[in-house]
Amino acid sequence: MKSISPSFSVSTAKSPIFYFSPISQRLSSVKFTAPPKINSPDTKRPSSKSAKTLSAAPTIDPITTTAASASPKKVLVPIGFGTEEMEAVILADVLRRAGAEVTVASVEQQLEVEAYGGTRLVADTFISTCSTEIFDLVALPGGMPGSARLRDCEVLQKITSRQAEEKRLYGAICAAPAVTLLPWGLLKRKQTTCHPAFIDKISSFRAVKTNTQVSGELTTSRGPGTSFEFAICLVEQLFGEPVAREIGELLLMNPAGDDPKRQEFNEVGWSLDCTPQVLIPIANGSEEIEVVTLIDILRRAKVNVVVASVEKSAQVLASSGTKIVADKLINATSDSIFDLIILPGGTAGAERLHKSKILKKLLKEQESAGRIFGAICSSPAVLQKQGLIKDKKATAHPAVLDKLKDGVNDAQVVIDGKLITSQGLATAIQFALAIVSKLFGHARARSVAEGLVYQYPRS
């Protein structure tokens, strides 16, 4: 059974006539395959000036194939209670990888914000500190009530309205085009897409159903499942097509129409007679895209997800600078039994997970008891080091695949009995949906995918 990545359907419009612009044609022709040599799953393009929001981030090996921009592009990503975490984090992560200086700003009275799926994110600053700054891009994530919280923020409205008036880039995804930009009057004479649940709020003359729509300075997109495409489209507009291509390769994105491959060996059932209890351990340096994607999708499927920090504090600093607050510390889970334990990747994060004695104990007990476990990106190598995938087929990020004894290099998700692994980053969505499918069946996975606006096979 194969899951299907959303094909690229970026279009630009200057009139009611729909047509594909050079942007959409270039994105559609980009073949996003793993580059010949990848230093690290956390690799990003360097900017000539380090982003102030990343000062405490783990060290990341830079790519040297593309020259850094003369001055860093400044991007604002606002968040509020109920913001869709996949959209917010994928935007920030991808744009930072491209070399942008991204500021994640809270529209609330506190920096810590509980997102739509329950992930607790910590903003870099308050939106009030951004009121006089000039941004190259303002990008609004969606989610409800997050989009309404953004709409009701007067400071953000002034910033975004000024952005539009001065012909600088702005964008919105999911509910935000209809719930936030429309009341602000920022969709006038703009062809717009948004989440299918909100498309009827937009004039039928201007509403379109492409995954990502470019109309002048405005870019809109449909939902969590189109977030990578949305982010890459914004990268191209800020930095050009070569950088967009490079970042797409780093993210392990699929070319349009190329179905992601899922392989299963030694098939066994995973269905349970109770609500699945899932542990997702995190550390400083964990890959935030993978963390929030797993949390968001599994909770949408009605899984009880526990996020546990292996650090001394519940808050961790992820690989691209996102601050995430865990539900508890790992030592509070030491006597617990989980139906599934999943390790997110990130080079530094995987190493810190490997060093956790409590997590090592939990994983050993999981394997001995015949319960389900898995890993993505760099973390399958952790399972290998701990002797947990002997005689098992597995995959991992291309940079660490050779560390696996029996690695599979032509599949993005590999299931072997009660072990599941994936390559990382952009494959995190199909990885999470594969878990949902194994736990609950194909119909549940398809239902979750529809909410994400992510194409998934009917059978």
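The values are calculated or read from the model by the stated rules, or taken from the named source; none is laboratory data. Just so it is clear, the model here is predicted, and its values are computed rather than measured. For neighbour counting, all protein chains shown are included, and Cβ atoms are generated from backbone atoms with ideal geometry for every residue, glycine included. Just the protein is used for accessible areas: all its heavy atoms, side chains included, with ligands, DNA and RNA removed. Shrake-Rupley method; radii C 1.70, N 1.55, O 1.52, S 1.80 Å.
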TODO: Answer with one residue from Ala123, Gly143, Gln163: the one whose Cα lies farthest towards the positive end of the charge dipole of the range 112-166, charges on Cβ with Lys, Arg +1 and Asp, Glu -1.
DONE: Gly143
TODO: Report the label-to-label distance for Arg168 and Asp152 in nanometres (one decimal), using points 7 Å from each Cα along the Cα→Cβ vector.
DONE: 2.7 nm
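I'd like the GluC sites (Glu not before Pro) in the range 199-282 restricted to DSSP loop residues with at most 16 other Cβ atoms within 10 Å, sorted by number. Don't skip to the end; give the middle numbers.
Values: sites: Glu217, Glu229, Glu236, Glu246, Glu249, Glu264, Glu267; in loops: Glu217, Glu267.
The qualifying sites are Glu267.
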Task: Point-to-point label distance, Lys361-Lys405, nm (Cα→Cβ direction, 7 Å offset) - done: 2.6 nm
Task: Computed lengthening from Ala443 to Lys188, 0.36 nm per intervening residue step minus Cα-Cα distance - done: 87.9 nm
Open item on the list: Please report the accessible area of Asp406 (heavy atoms, 1.4 Å probe, ligands and nucleic acids excluded) in Å², nearest 10.
Closed with: 60 Å²
Open item on the list: Please give the Cα centre distance for the range 406-459 versus the range 70-95, rounded to the nearest Å.
Closed with: 25 Å
- [ ] List, in the order given, every pair from Lys357/Lys392; Lys328/Lys357; Lys261/Lys393; Lys360/Lys385 whose Cα-Cα distance in the structure shown is over 20 Å.
- [x] Lys357/Lys392
TODO: Select from the range 74-183 those chymotrypsin sites (Phe, Trp or Tyr not before Pro) which occupy a DSSP coil region and have at most 13 other Cβ atoms within 10 Å, ordered by residue number.
DONE: none
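Among rounded, prolate and oblate, which fits the range 269-395 when a ≥ b ≥ c are the square roots of the eigenvalues of its C-alpha gyration tensor, a/c under 1.5 means rounded, and a/b larger than b/c means prolate?
Since a/c stays below 1.5, the shape of the range 269-395 is classed as rounded.
So in the range 162-225, what percent of DSSP beta bridges are antiparallel if you round to the nearest 5? Walk me through the numbers on the way to the answer.
On the way: 4 of 9 bridges.
In the range 162-225, DSSP labels about 45 percent of beta bridges as antiparallel.
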TODO: Just list whichever of Lys403/Lys438; Lys73/Lys403; Lys167/Lys302; Lys74/Lys403; Lys73/Lys323 have alpha carbons separated by over 31 Å in the model shown.
DONE: Lys73/Lys403; Lys167/Lys302; Lys74/Lys403
